[in-house]
Amino acid sequence: MQLLTAVVTLCASATASAAGANTTWTPVLLMHGINGAPDDFNSMVDKLTTSHPGQTILPLDVFSHAASFLPLWHQIPHITDVVRNLTKDFTGGYHLVCHSQGGIVCRALVETMADHAVQNLVSLAGVQQGVRAIPDEYAKFLPAWLNNVTDDEVCCKIVFALLRATLCWH
């Protein structure tokens, strides 16, 4: 979480007004990973609102916990509507900082939402090139033989067919 806080701080992009008296922070939207939720970001939001007074930092309250396992093509239309509604007044754009599967969700959002105003997309531990291993917390739900799969193509075809957590992008 410290790395995530550091990245958000770096991409926050403060701009001083002509008079130099005011600082305007670009809003940041945060997207959780698989089986995550908006409250995963509570401590980071607390730190950032202290260090960047007045900055809008919004963890997206979409597809939390078990709902994050729904297929990507089911999630994106709803997330697009939520982001449009949240950002309609952000005239200077906004940043997306997305963790794990949230990175692939945000990438799909940016690729499919023609009217987005994303200034920076930060994907932390995102699966942009597929995955090579099955996380331990999910491996226990799969057949033992599948835990030893290392071939990218086999892994993508089998694991993502089973979990439908994301798409395999190569």
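The values are calculated or read from the model by the stated rules, or taken from the named source; none is laboratory data. From a predicted model like this one, the values you see are computed outputs, not experimental measurements. Every residue, glycine among them, receives a Cβ derived from its backbone with ideal geometry; neighbour counts consider all protein chains shown. These accessible areas exclude ligands, DNA and RNA; they are computed on the full protein's heavy atoms, side chains included. Shrake-Rupley method; radii C 1.70, N 1.55, O 1.52, S 1.80 Å.
Details
- The single residue among T80, T166 that is open to solvent by less than 50 Å² (accessible area, probe 1.4 Å), modelled with pLDDT of 95 or more and either of a type outside the set (A, V, I, L, M) or under 21 Å from L29 (Cβ atoms) (or both) turns out to be T80.
- Residue match in the stretch 19-32 (condition: open to solvent by 70 Å² or more (accessible area, probe 1.4 Å), at pLDDT 80 or above, of a type outside the set (F, W, Y) and out of contact with any Cys (no Cβ under 7 Å at 6 or more places or on another chain)): yes
- For the stretch 38-54, the criterion of being out of contact with any helix residue (DSSP H, G or I) (no Cβ under 7 Å at 6 or more places or on another chain), aromatic (F, W, Y) and over 17 Å from G126 (Cα atoms) is met by no residue.
- Those residues of the stretch 83-106 which are touching a residue at least 40 places away in the same chain (Cβ under 8 Å) and either open to solvent by 60 Å² or more (accessible area, probe 1.4 Å) or more than 20 Å from P38 (Cα to Cα) (or both), in sequence order: L86, F90, G92, G93, H99
- Residue that is most open to solvent (accessible area, probe 1.4 Å), among those in the stretch 107-121 that are in contact (Cβ under 8 Å) with a residue 24 or more places away in the chain and among the small types (G, A, S): A117
- Considering residues of the stretch 41-59 that are among the aliphatic types (A, V, I, L, M) and touching a residue at least 40 places away in the same chain (Cβ under 8 Å) only, the residue most open to solvent (accessible area, probe 1.4 Å): I57
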